[in-house]
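Accompanying notes for the structure given below.
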Amino acid sequence: MVLFSLSLVASGLAFLAGWFFLAEAGQQYHQRVGGRVSEDLRTQFVSASQIQLTLTGVIPSLLLLATPLFGMPWPLAVIFSIAALSIPAIGAKRLRKRRHKQFIAQLPDALLALASSLRAGANLSQAMMLTGQRQPDPLGQEFALVQGRQRLGDDLKTALEGLCERFPSAELRLFRDALVISHQVGGDLAGTLETVSSTLRERAQIEEKVQALTAMGRLQGKVMCLLPVAIGGMLYLQQPEVMQRLFTEPLGWAVLGVVTVMMTIAILMIRKMVNIDV
């Protein structure tokens, strides 16, 4: 009876300790991940609360923790559950990357529109305002933000530095330097912008050719990375007793570790080969 009481008390204390640990971990996740990702999305003009972002990561993680009830090995369920917590950060990163790509694609047309406004007699501030109003998002939003910062007292260089921090790229730095130098020393700014626009178009064409030439290599890399996982899953469905040893024995853990390291090295090498800077 005494042993039963002690075990019951120990179980209760362990449950309370685990509950407080999970509550503290959830609070830290909500504050750090939710707050950081929410701020990142806010800079991209995307509205999302911390609670929504936290649930986006926590709910898939909890669902994956329940997959061992349906036959998935528990080590894989734990790994996938931990990986699911990064869904908000990965989603924000993909949105930022897509927004960056759209901005750079719109920049040559915006420079031509800016040059046309300058040739029509508008000053630089008016030309940027008109270009921002006529261009689609995200470029229109960013140009409007630059105008807003100038109205609050920032000079042109400071406002453009903030734009370059949000979209770090060689194309935007070239645009910034052209504007700042022409604003300081004078000259034919419209002609300079037309030259920069032509340069950016040629650069984009070369990058598209590089992407087309390296498409096969990138696809092969994805296939080679997914192939071991697919084969392992098929073998686990056919012979679960044999494959279970990979997760329950030290030798199986070593094999998984070696495979993970080799696949990581292969991914890094493939990315290095196909990542060609123009």
Within the stretch 80-114, which residues are among the polar types (S, T, N, Q) and at pLDDT 85 or above?
Gln102, Gln106
How many of the residues making up the stretch 244-278 are more than 30 Å from Leu213 (Cα to Cα), touching a residue at least 24 places away in the same chain (Cβ under 8 Å) and of a type outside the set (S, T, N, Q)?
1
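I need a count of the residues in the stretch 226-242 that are touching a helix residue (DSSP H, G or I) at 6+ places or on another chain (Cβ under 6 Å) and in contact (Cβ under 8 Å) with a residue 24 or more places away in the chain. Before the answer, list the steps.
Just the residues of the stretch 226-242 that are touching a helix residue (DSSP H, G or I) at 6+ places or on another chain (Cβ under 6 Å), to begin with: 235-236.
Subsequent filtering for residues that are in contact (Cβ under 8 Å) with a residue 24 or more places away in the chain retains 236.
Qualifying residue count, the stretch 226-242: 1.
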Somewhere in the stretch 250-264, is a residue assigned to a helix (DSSP H, G or I), surrounded by 11 or more Cβ atoms within 10 Å (Cβ to Cβ), modelled with pLDDT under 80 and aromatic (Phe, Trp, Tyr)?
no
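With the structure loaded, tell me whether Gly162 is among the small types (Gly, Ala, Ser) and at positive phi or whether it fails that test.
No, not satisfied.
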For Glu241, are the conditions met, namely being surrounded by 15 or more Cβ atoms within 10 Å (Cβ to Cβ) and over 26 Å from Gln44 (Cβ atoms)?
no
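Name the residue that is nearest to Ala144 (Cα to Cα), counting only residues in the stretch 53-73 that are exposed (fewer than 14 other Cβ atoms within 10 Å of the Cβ) and either hydrophobic (A, V, I, L, M, F, W, C) or at pLDDT 75 or above (or both).
Taking the stretch 53-73 and keeping what is exposed (fewer than 14 other Cβ atoms within 10 Å of the Cβ), we get 59, 62-63, 66, 69-71.
So of that shortlist, the ones also either hydrophobic (A, V, I, L, M, F, W, C) or at pLDDT 75 or above (or both) come out as 59, 62-63, 66, 69-70.
Numbers: Ile59: 37, Leu62: 42, Leu63: 42, Ala66: 47, Leu69: 53, Phe70: 52 Å.
Only one residue fits best here, namely Ile59.
Can you tell me which residues in the stretch 156-173 are among the charged types (D, E, K, R) and closer than 20 Å to Leu193 by Cα? Give the derivation first.
So in the stretch 156-173, the residues among the charged types (D, E, K, R) come out as 157, 161, 165-166, 171, 173.
Those that are among the charged types (D, E, K, R) and closer than 20 Å to Leu193 by Cα: Lys157, Glu161, Glu171, Arg173.
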Here are the criteria: (1) touching a helix residue (DSSP H, G or I) at 6+ places or on another chain (Cβ under 7 Å); (2) of a type in the set (A, V, I, L, M, F, W, C); (3) without any contact (Cβ under 8 Å) to a residue 24 or more places away in the chain. Tell me which single one Ala84 does not satisfy.
(3)
Of residues in the stretch 205-217 being in a helix (DSSP H, G or I) and open to solvent by less than 80 Å² (accessible area, probe 1.4 Å), the one nearest to Ile270 (Cα to Cα)
Gly217
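The values are calculated or read from the model by the stated rules, or taken from the named source; none is laboratory data. These numbers were taken from a predicted model, which means no experiment stands behind them. Note: ideal-geometry Cβ built from the backbone for every residue, glycine included; neighbour counts use all protein chains shown. Ligands, DNA and RNA are stripped out before the accessible areas are found, and what is left, the full protein with its side chains, is counted by its heavy atoms. Shrake-Rupley method; radii C 1.70, N 1.55, O 1.52, S 1.80 Å.
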